Amino acid sequence: MAKSSVLTSKVSPFVAFLGGSLALGVVAAGILTPGIAVANVVASDGVNLAASVTAELPLIDLQSRSTIVAKDGKNWKTIATFFNKNRVPVSSDQISDNMKNAVVAVENPSFWTDSGVNALAIARAAVQNAAGTSSSGASTITMQLVKNQIQEQAENSGDDEAATAATERTLTRKLSNAWLALGMTKEYTKDQILTQYLNISFMGGTIYGIEAAARYYFNVSAADLSIPQAALLAGMLPSPNNTSPDKKDNLPAALERRNYVLDKMLEHGYITEAEHKDAVATPIKVDITPTKQGCALAGYNAFFCEYVVATIKSDSTFGATPVERAATLNRGGLTIYTTLDLKLQKAAYQASKNWLKPGSNPFATATTSVKVGTGAILSMVQNRPYSTGSSSYSKKATAVNYAADYAYGGSNGFRAGSTFKLFTLVDWLTKGHSLNEYVASRDTMTFDQTEFTNSCSADGLNGPDWKVSNSISWGQSSMSVEKATVRSANTAFISMVKQLDLCDIQGLAESMGVSRADGSDLNMGLSDVIGNGEVNVSPLTMTNAYATIANNGVYCTVTPFVKVVDARTSKELNVKGTECTQVISPEVAAATTVALKATIATSTGVTATGANPNDGTDLAGKTGTTDEGIQNWLIGYSTEVATGTWVGDPLSRASGFDSNTTSKGVSGYNLKTKIWHDVMTKVDSLYGGSEFPSASGPLVKGTNVTVPDVTGLSATAAQKALENSGFAYSMGKTASSAVAKGLVAKTEPSAGSSAAKGSSVVIRLSDGSRIAVPKVVGQSKDVAIATLQDAGFTSLFTKSVSVTDQDQDGIVIAQSLAAKSEKPAGAKLVLSIGKYTAPASASPSDDDDDE
């Protein structure tokens, strides 16, 4: 049975002191060569050992690789790794005894009992140094660890000169390392020292430490290394790049070194004869398993990965400067737990690539999803693969993250089309208006810009008259704000802005996290209200703004982090998390959702046809299309997740209505609904959603007021009277009426009735074709007929009715057409004329007696 390598107790201070005294004494006395020569070497180096070295060198946190992980169901999965040194520090119990035994046997057989230095070897090195020859090896495992730690500390601080000096083979360096090794041996157990040594050691290429080496060369953990595997790795330590088994030319040297280590393990009793024989007979078998480094190898997760890296570089938690933060990522041994949902990410990528395969199509697409209430980024994909070597004009691949702002992915963003109308709608409701209010919405309208308010500018708005058209001809002079949202009527929204302040709309958008993708001030113009101006935004920014509505008006900053842990210490870093602020009222948010739900609903939506999965989850959202369909959007949400899809030409050239942007028989303009549908189907299956909060009352229905009586007024006077009462108006068909032709005959709703303030009242002008029926009851027959004829009635008839009142004889008792009713001139009108009939004389009573 081979002996155990585990020793946990500290070497006694006395032994350490004795070893140190011996080492320095041998050198000082020069017992192996003339002392004067040795003394001269020390003097020439200008070293006063007592002043220049310290016995304190704590075990340092080692450079190690950082990993970005994401959730795949219940499990965390690595999507990217970063390192200058590919190292995975492990504890002693995670390293096999085979590995510990092999290293001790070949590097420092007396390790478990020595003081950390080899005094005779140091003396021999001093003699060689004095003779002008190179210094031979004199390092124990502890001294090698000292050297490696000093070198790593220098590299961490960016001191290249100190890092080089740490490896110099001079007497001064050896004496310094010996002194530090003595102190290290007194402060730490042998097991701690050996574990640190195995974690710090260079193992070829970019591989550092035994765990990374075991995984790379054999695809096993350090805990599972066999005797032959351990011996091979131990044999690599003096010259890793020349004996690493990943190169065919190195195999003979690797085999020789491995067998030499096996011999030493047998010699020092760590393996038996039988184990030695079997190990020597075992051929070298490797399973080279490279670690993928950086975002470029993260597949369709690469753009999210780059977003995470950019976020780290912007966060002072990771260092004072971007350079320091990048160094932390590559050296700090971080485990970065992200918000990415790999199941949703995969589905989103498949939908993007399925509907818009990268290649000849000038259109690209990006989709991102955000968790409502937390700002957690759940997915971030695009159809074009990640490639740092691609031209910005390439249709096949790109390094630009279309979903994010420039600072986080290099994109300058895109015009948002009608998705930007959200902010006007919210401000409209915030100011106390309702969804039921009517606004002018003629298919083409010309607006005087000086009539608009923009308190952000001292000069207000100016410029030439602005002609605005709806993308679809609705043929309505006015419509409700809810219907204008569903139909995405441009003229209606500009009419709304005329009653608002553009500065307030901009401020509202900013409070919901909206900024230009290039980092400049939002600075909205009037055309930006309908998303056709100069403001370019990212899909992530817009999606998170819509998430604010889903979150009952609470805006939360986005984050890619769940937590960040220093894997070496298991301590969690205090990274900047989500910050949430109530920016609009829950009532306004609920009313906004009413309109946006109707926009997405299959029964009412006209601009988002085919987008709704109709899977039982409440959804709301808005489409957006810029002129010529160059940029196309669909952003929507459930109560749990907001998702935004952009489809367009990154170079702003190709039209979504052109055949060259068609994919799978779907126009580039409509691809957004197909992709969003497929992504949201997966979202709903993973996260579900509850019913949206109910919304009613004034913000939805408006405040009721009385419709004024404008009968008999001119159209202009009637319109003014209606506007003064808070109503919009529209002109209806002419009405048959007794009112003079061209004047108002009636309104719908009628005068005196109650209707929502801001709603539209239909004005109907008279065609003058009817006559008001005069009241002729009580007049004589001749007078009545004359009155009716004077009024214009031509079809008059009379009939006699018996009356017993002589005063009613010849008098009109009734008329067939009601007085004040309006009838055509030829309407039949029958007059009932009284005819006196004397009452019958009384008959004698049967009870009377004749006298």
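Among the trypsin sites (Lys or Arg not before Pro) in segment 322-410, those located in a DSSP loop and surrounded by at most 15 other Cβ atoms within 10 Å of their own Cβ are Lys396. Against the empirical curve 2.2 N^0.38 Å, the C-alpha radius of gyration of the chain lands at a ratio of 1.58. Listed by chain and number, the aspartates and glutamates whose C-alpha is less than 17 Å from the C-alpha of Lys799, apart from same-chain residues fewer than 8 away, are Asp782, Asp809.
Can you flag which of Lys248/Lys285; Lys147/Lys174; Lys346/Lys597; Lys467/Lys498; Lys292/Lys576 are past 18 Å Cα-Cα?
Values: Lys248/Lys285 12 Å; Lys147/Lys174 9 Å; Lys346/Lys597 27 Å; Lys467/Lys498 14 Å; Lys292/Lys576 28 Å.
Over 18 Å apart, Cα to Cα: Lys346/Lys597; Lys292/Lys576.
Excluding same-chain neighbours fewer than eight residues apart, the lysines reachable from Lys741 by a Cα-Cα span under 20 Å are Lys720, Lys733, Lys820, Lys823. Ignoring aspartates and glutamates fewer than eight residues from Lys186 along the same chain, the ones with Cα atoms less than 18 angstrom from its Cα are Glu56, Asp114. Using the beta-carbon distance between Glu572 and Val220 and R0 = 30 Å, what value does 1/(1 + (r/R0)^6) give for FRET efficiency, to the nearest 0.05? After rounding, the FRET efficiency stands at 0.50.
Percent of accessible area on the chain owned by carbon and sulfur, 1.4 Å probe? Each step should come with its number before you reach the end.
On the way: 18230 of 37110 Å².
Solvent-exposed carbon and sulfur of the chain make up 49 percent of the total.
Between the helical axis of 502-511 and the longest alpha-carbon principal axis of the chain there is an angle of about 40 degrees. Computed from backbone phi with θ = phi - 60° and the Karplus coefficients 6.51, -1.76 and 1.60, the 3J(HN,Hα) list for segment 781-796 is 4, 5, 5, 4, 4, 5, 4, 5, 5, 4, 6, x, 6, 10, 10, 10 Hz; x is used for glycine and proline. Annotation: Ile600 carries an accessible surface of approximately 0 Å², with a 1.4 Å probe and no ligand, DNA or RNA atoms counted. In plain terms, if you count all Cα to Cα distances in segment 448-550 and split them into 10 Å steps from zero, the share in each step is 13, 42, 37, 8, 0 percent. Taken per residue, the accessible surface of segment 329-453 reaches 33 Å², heavy atoms only and a 1.4 Å probe.
On a 0 to 90 degree scale, rounded to 10, what angle separates helix 671-687 from the longest Cα axis of the chain? Its long axis makes an angle of about 70 degrees. On C-alpha positions alone, give me the angle between the axis of helix 190-200 and the longest principal axis of the chain, in degrees, nearest 10. Value to nearest ten degrees: 60.
Of the whole protein surface, Lys828 contributes about 130 Å² of accessible area at a 1.4 Å probe radius. Pairs over the 25 Å Cα-Cα cut-off, from the set Lys371/Lys682; Lys421/Lys757; Lys421/Lys682: Lys421/Lys682.
How many percent of Cα pairs in segment 691-780 exceed 16 Å?
Numbers: 2320 of 4005 pairs.
In whole percent, the share of Cα-Cα pairs in segment 691-780 beyond 16 Å is 58.
Heavy-atom accessible area, probed at 1.4 angstrom with all protein chains present, ranks Ser239, Ser800, Ser64 as Ser800, Ser239, Ser64, highest first.
Within 14 Å, Cβ to Cβ, of Ala550, how many net charges do the neighbouring residues add up to if Lys/Arg are +1 and Asp/Glu are -1?
Working: positive: Lys371, Lys597, Lys622; negative: Asp618, Glu640, Asp684, Glu691.
Cβ neighbours under 14 Å give a net charge of -1.
Taking a ≥ b ≥ c as the square roots of the Cα gyration tensor eigenvalues, with a/c under 1.5 meaning rounded and otherwise prolate when a/b beats b/c, else oblate, which class fits segment 269-308? Prolate is the answer for segment 269-308, as a/c is 1.5 or above and a/b outweighs b/c.
Skip the ligands, DNA and RNA, and give the accessible area per residue of segment 735-789 with a 1.4 Å probe, whole Å².
Details: 2500 Å² over 55 residues.
Value for segment 735-789: 45 Å² per residue.
Working with all protein chains in place, sort Leu175, Leu120, Leu59 by solvent-accessible area computed with a 1.4 Å probe, largest first. Walk me through the intermediate numbers first.
Working: Leu175 10, Leu120 105, Leu59 45 Å².
Final ranking, largest accessible area leading: Leu120, Leu59, Leu175.
The accessible area of Trp355, taken with all protein chains in place and a 1.4 Å probe, comes to roughly 50 Å². About its Cα centre, the dipole of the chain is roughly 2980 debye, where the only charges are +1 on Lys and Arg Cβ and -1 on Asp and Glu Cβ.
The values are calculated or read from the model by the stated rules, or taken from the named source; none is laboratory data. It should be emphasised that the depicted structure is a prediction, and the values quoted were computed from it without experimental measurement. Positions of Cβ are backbone-derived with ideal geometry, glycine not excepted, and every protein chain shown enters the neighbour counts. We work out accessible area using only protein heavy atoms, side chains counted, and drop any ligands, DNA or RNA first. Shrake-Rupley method; radii C 1.70, N 1.55, O 1.52, S 1.80 Å.
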